[in-house]
Amino acid sequence: MSRKAFQTKYLETRTPLVLRGAMTDTAAVAHWDMEFFASRYGSQRVPIDGIRSGLFMELGEYIERLRAVRDETEPVLYMRNLLLFETFPELRQDFAMPWIAQPNWLQSPLVGDYSGGSWRYWVELFLSGPGSRFPTVHIDPYFTHAWSIQLSGRKDFWLWPSLAEEREKMRAGEAPWQHGNEVKPDTELSDFFGDRECYRLTLEPGDLAFIPAGWWHTTETHEASLTLGGNFVESSNWFDFSRSYQSRNPTHSRRQALKRKASSLVASRVLSWAQRRYR
Ligand SMILES: O=C(O)CCC(=O)C(=O)O
Ligand SMILES: [Fe+2]
């Protein structure tokens, strides 16, 4: 598919897409499997179940545990949303952002820093095993579009479209972005989603998924699974992104404006010093 076709058919209409095998030939899919992470980073302590959970484990021990799961009713916790290049910076040279996530306006110095700069090169790592489930049905922050690359194992995704009134609330910074904790997508969400059509898909190694801005989603695995995921902003979601971010972070643009002022002040001081010195 051409970049232009992706733009008009999927980005602008916010339509989910799976590109089967699109990433098979990349270095990450070829080399980053469980064994790679276990042997290279086995003794590194990493957060389990998200950065805010306060739970840490050595990566090697986590991988051993998820390999040992036999019964889906006793799954391991999801090792999720680990910021890959903040944790393992040297891996960055072996990874190229998937083409669907380029251009990414979050990488432009013109838009400034969001989330303290951690979204500039937004790539997260997810590990899970039989019976592990992403803890919430949610919409990704601030209307960012998302991509997922399945590295090993299979992963089931559920996606539901949002309603116009939910999106309006999200723009105003009012809506909940998450629904439920530990919900079982196929049996317990009918009250919430009513007859909204659910898209179900299973990612296999090498597949690339596009999860558009404003779609509810969650995931589940039935085997050891390794996934990379990230989020991005470009022309089709910039307005919703900046408006909803601003609603929740009212001091953000003032801070950005101050920063710009401060840096131009420094620049003008340096320039006038240089002029005086070399006159
Ligand atoms: O389980 C996954 O790979 C996707 C998780 C997800 O939707 C997220 O981190 O926002
Ligand atoms: Fe998500």
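Annotations for the structure displayed:
- Applying a threshold of 8 Å to beta carbon distances and a minimum spacing of six or more residues, or different chains, the list of pairs starting in the range 241-260 at a residue that is within 24 Å of Ala213 (Cβ to Cβ) and ending at one that is exposed (fewer than 14 other Cβ atoms within 10 Å of the Cβ) and modelled with pLDDT under 85 reads Gln246/Ser253.
- When each of Trp216, Trp238 is tested for being of a type in the set (A, V, I, L, M, F, W, C), assigned by TED's automatic domain parsing to the domain that holds Met23 and away from ligand 2 (no atom under 15 Å from the Cβ), the lone residue that passes is Trp238.
- Out of Tyr10, Tyr41, sole residue that is assigned by TED's automatic domain parsing to the domain that holds Gly206, in contact with a Gly (Cβ under 9 Å, 6 or more places away or on another chain) and surrounded by 16 or more Cβ atoms within 10 Å (Cβ to Cβ): Tyr41
- Matching option when the condition is modelled with pLDDT under 95 and away from ligand 2 (no atom under 16 Å from the Cβ), among Gly60, Gly50, Gly116, Gly42: Gly116
- Selection of first residues in the range 120-145 that are away from ligand 2 (no atom under 12 Å from the Cβ) and of second residues that are in a loop (DSSP other than H, G, I, E, B) and of a type in the set (Asp, Glu), restricted to Cβ pairs under 6 Å at least 6 apart or on distinct chains, gives the following pairs, ordered by first then second residue: Pro130/Glu72; Pro130/Glu223; Gly131/Glu72.
One line per residue, one yes/no per condition, for (1) surrounded by 23 or more Cβ atoms within 10 Å (Cβ to Cβ); (2) more than 15 Å from ligand 1 (Cβ to nearest atom); (3) within 20 Å of the chain's Cα centre (by Cα); (4) under 17 Å from Glu124 (Cβ atoms):
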residue	(1), (2), (3), (4)
Asp191	no, yes, no, no
Gly194	no, yes, no, no
Leu201	no, no, yes, no
Pro205	no, no, yes, no
Thr218	no, no, yes, yes
His222	no, no, no, no
Leu226	yes, no, yes, yes
Phe232	yes, no, yes, yes
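- Remark: pairs (first residue in the range 194-214, under 11 Å from Ser148 (Cα atoms) and assigned to a strand (DSSP E or B); second residue among the basic types (Lys, Arg) and within 12 Å of ligand 1 (Cβ to nearest atom); Cβ separation under 8 Å; 6+ apart in sequence or on different chains) = Leu203/Arg154; Leu203/Lys155.
- Hits in the range 55-89 - residues which are within 30 Å of Gly117 (Cα to Cα), of a type in the set (A, V, I, L, M, F, W, C) and surrounded by fewer than 14 Cβ atoms within 10 Å (Cβ to Cβ): Leu55, Phe56
The values are calculated or read from the model by the stated rules, or taken from the named source; none is laboratory data. Predicted, not measured: the structure shown is a model, and the values here were computed from it. Neighbour counts are summed over all protein chains in view; Cβ atoms, including those assigned to glycine, are modelled from backbone coordinates with ideal geometry.
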